[in-house]
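Heads up: the structure comes next, in structure tokens.
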Amino acid sequence: MSENVAAAGHGHFEADEHEAGHPGPGLYVIVAVALVILTLMELTVFYVAFLQPLLVPILILLAIAKFLLVGGFYMHLYYDQRIFSTFFVFPLMLACAIGAALLMIFSALAGRLAI
């Protein structure tokens, strides 16, 4: 079986060839520390009284930042081919657009429906 794999050109990659575009463990530790800091910022925003009027927008921005870090580094979207990012981002944007449309429809109908 290994002869067939080697003949088909699907042999093992050399370590340098496969990992050339990917970061080392140090960058993953830095990203993990950044995620911890963002989580601590979320906790701080929740418990600080004068930030309560801006609680939801700040938490949404922090969640987006965390999503980009996790999606980019731990899912390897920053270092893989662009087609993989497209396959990830397009359905995500489509789902957000459908969710926003549903929110607008139901908020427009909220005054008309007697529930």
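Quick note: the coordinates plus some simple rules give every number you see, no bench work behind them. Everything quoted here is computed from the prediction, not taken from an experiment. Cβ coordinates were reconstructed from backbone atoms using ideal geometry, including for glycine residues, and neighbour counts include every protein chain displayed.
List of remarks:
- Ordered by the number of other Cβ atoms lying within 10 Å of each residue's own Cβ, fewest first, Val31, Val36, Val70 fall into the sequence Val36, Val70, Val31.
- Cα gyration tensor shape for segment 40-108, rounded if a/c is under 1.5, else prolate or oblate: oblate
- All other residues whose Cβ lies under 12 angstrom from that of Leu59 are scored, Lys and Arg at +1 and Asp and Glu at -1, for a net of 0.
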